[in-house]
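Student: First the structure, which I've put down as structure tokens, then a few questions once you've had a look.
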Amino acid sequence: MYLKEELERRGVPALLKFEDGREVTADNWEERRLELVDILSREEYGYMPDEKFKVSAAEAAKPARDCAGKAVTERLTLTVSGSKGDFSFPLLICTPAKKPGSKCPLVLLINFRPDFPDKYLPAEEIIDRGVGVAMIYYNDIALDKNEWESGIAGIYPRPEYSWSKITMWAWAASRCMDYFETRNDIDFERIGVAGHSRLGKTALWCGANDTRFKYVFANNSGCSGDAITRCKRGETVEIIYRAFPFWFVPKYNEYAGREQDMPFDQHFVVAASAPRVVVCGAAEEDIWADPESQYLSCCAASQAWELLGEKGLIGVDRYPEPGDIFTKGKLGFFMRPHAHYFSRYDWNRYLDRLLI
Ligand code: GCU
């Protein structure tokens with residue numbers, strides 16, 4: 001394990017031990033993985049409604065040729081039906097113009113804006129790599145505010161449902177996956193979920209809950225995302241909960257200033273997608289997120305892949321430097337120069353991994 005002494009110094013909880021003290025083995029990994037999801041649901045992000053939803057899609061506009069004719073963009077309305085009623089939200093899908101019968105890999109971006117393309121979504125570059133991209137706008141699911149009336153939050157409200165906005169956004173990505181499964185032009189072995197910052201946290205949580213996403217791309221997700229919380233620089237549990245209590249369940253706040261008491265740390269959310277592919281992207285100047293702590297959590301999470309005989313993090317036994325790209329294993333990390341942003345550089349690192 002890389003940076004073992006630093007992980008010990010920080011007192012990061014063991015990944016490969018059950019809550020009841022049993023050892024985790026390759027054979028019982030799935031049981032442990034589900035336990036990780038349960039711990040994180042209970043302590044941090046909340047639970048998704050426990051029921052089966054039905055999903056249907058309707059055209060919101062005629063499909064349009066895009067990117068100089070290299071792509072087709074579809075604007076859909078997805079309707080999710082559950083025990084509490086129907087809920088609809090827009091879903092955009094842009095796929096390479098292709099021969100009938102062929103399938104493309106697809107990345108679903110949970111985005112900050114409804115715009116397409118968007119500064120965080122360089123559609124033409126993605127299409128030119130032969131990859132399709134889908135997008136949902138997170139405020140269409142539930143507003144990024146401390147209110148519980150909008151969107152899905154109004155239909156499955158707290159406290160009847162113990163969830164959070166991060167969980168609602170992740171839940172919506174899974175409903176998109178329900179729809180993708182009905183199509184015959186997508187390569188199901190290569191569907192990824194991506195997000196930046198608060199939506200990078202969401203992408204990690206989505207991957208943990210939904211094994212149909214074979215790739216998880218968490219960009220600059222930092223505090224309560226991919227960064228180890230214990231002894232972290234920049235944002236802390238206290239700061240994030242004070243500013244964004246609605247991203248979490250109230251229990252998370254019990255750890256404000258008491259990170260050492262958490263029965264988990266953020267390597268759990270990274271490892272909860274093992275042995276699928278996870279790539280965590282950090283940025284040199286993003287001290288708020290804390291690239292060192294982001295790397296540390298990959299160092300710790302890698303044990304899950306290794307336990308399963310997979311290549312986890314293929315990195316170095318030191319803190320990362322700008323320009324380091326460790327994306328050859330199934331758990332990847334890279335550190336881009338400059339600031340907090342979802343740049344083309346980041347997209348290309350994720351696509352490089354998707355297209356290996
Ligand atoms: C704030 C917050 C971060 C979050 C970021 C974002 O800075 O403190 O935790 O990642 O917003 O989502 O842009």
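Student: May I ask for the longest run of the chain untouched by GluC sites (Glu not before Pro) that are loop-located per DSSP and have at most 13 neighbouring C-beta atoms (other than their own) within 10 Å?
Tutor: My reading of the result: 182-356 is the longest stretch.
Student: Ok, one more. Please arrange His340, His267 by how many other C-beta atoms lie within 10 Å of their C-beta, fewest to most.
Tutor: In order of increasing Cβ crowding within 10 Å: His340, His267.
Student: Let's test the formula: R0 of 35 Å, r as the Cβ-Cβ distance of Asp261 and Lys119. What FRET efficiency results, to the nearest 0.05?
Tutor: Computed FRET efficiency for Asp261 and Lys119: 0.35.
Student: Extending each Cα 7 Å along its Cβ direction at Ile356 and Arg233, get the distance between those two points in nm, one decimal.
Tutor: The two pseudo-label positions are separated by 2.8 nm.
Student: Simple spin-label model, 7 Å along Cα-to-Cβ: Glu254 to Phe53 in nm?
Tutor: 2.9 nm
Student: Hey, how many Å between the Cα centroid of the range 105-149 and the Cα centroid of the range 232-250?
Tutor: The two parts, judged by their Cα centres, are 24 Å apart.
Student: Also, I was wondering about something else. Among Leu307, Leu296, which comes first, second and so on when ranked by fewest other beta-carbon atoms within 10 Å?
Tutor: Leu307, Leu296
Student: Please identify, among Ser297, Ser197, Ser150, the residue showing maximal mean-square fluctuation in a Gaussian network model of the chain using a 10 angstrom Cα cutoff.
Tutor: Among Ser297, Ser197, Ser150, the largest mean-square fluctuation in the Gaussian network model of the chain belongs to Ser150.
Student: For the range 244-344, what is the percent of antiparallel DSSP beta bridges, rounded to the nearest 5?
Tutor: 25 percent
Student: I would also like to ask the following. Please list, by residue number, everything in the range 38-77 whose backbone N is under 11 Å from a paramagnetic label point 7 Å out along Cα→Cβ of Arg183.
Tutor: From the range 38-77, the list is 72-76.
Student: Calculate one ³J(HN,Hα) per residue across the range 278-287 by plugging θ = phi - 60° into the Karplus curve 6.51 cos²θ - 1.76 cosθ + 1.60, and present them in order as whole Hz with x for glycine and proline.
Tutor: These are the phi-based 3J(HN,Hα) values: 10, 10, 10, x, 10, 10, 3, 8, 7, 5 Hz.
Student: Give me the distance between the Cα centres of the range 280-356 and the range 156-196, rounded to whole Å.
Tutor: 23 Å
Student: Can you give me the relative contact order of the chain as a percent, contacts being Cα pairs under 8 Å and 6 or more apart?
Tutor: 17 percent
Student: Another one. How large is the charge dipole for the range 193-317, taken about the Cα centre, if only the Cβ atoms of Lys, Arg (+1) and Asp, Glu (-1) carry charge, to the nearest 20 debye?
Tutor: The calculation lands at about 460 debye.
Student: Among the DSSP beta bridges whose two residues both lie in the chain, what percent are antiparallel, rounded to the nearest 5?
Tutor: 50 percent
Student: Also, I was wondering about something else. Label Cys104 and Ala61 with points 7 Å out from Cα along Cα→Cβ: what is the distance between them in nm?
Tutor: Each label point lies 7 Å from its Cα, and together they span 1.7 nm.
Student: Now a separate question. Can you put Ser83, Ser302, Ser41 in order of Cβ neighbours within 10 angstrom, beginning with the fewest?
Tutor: The most exposed by this proxy come first: Ser83, Ser41, Ser302.
No lab work stands behind these numbers, since they all come straight from the coordinates. Computed from a predicted structure; not experimentally measured. For neighbour counting, all protein chains shown are included, and Cβ atoms are generated from backbone atoms with ideal geometry for every residue, glycine included.
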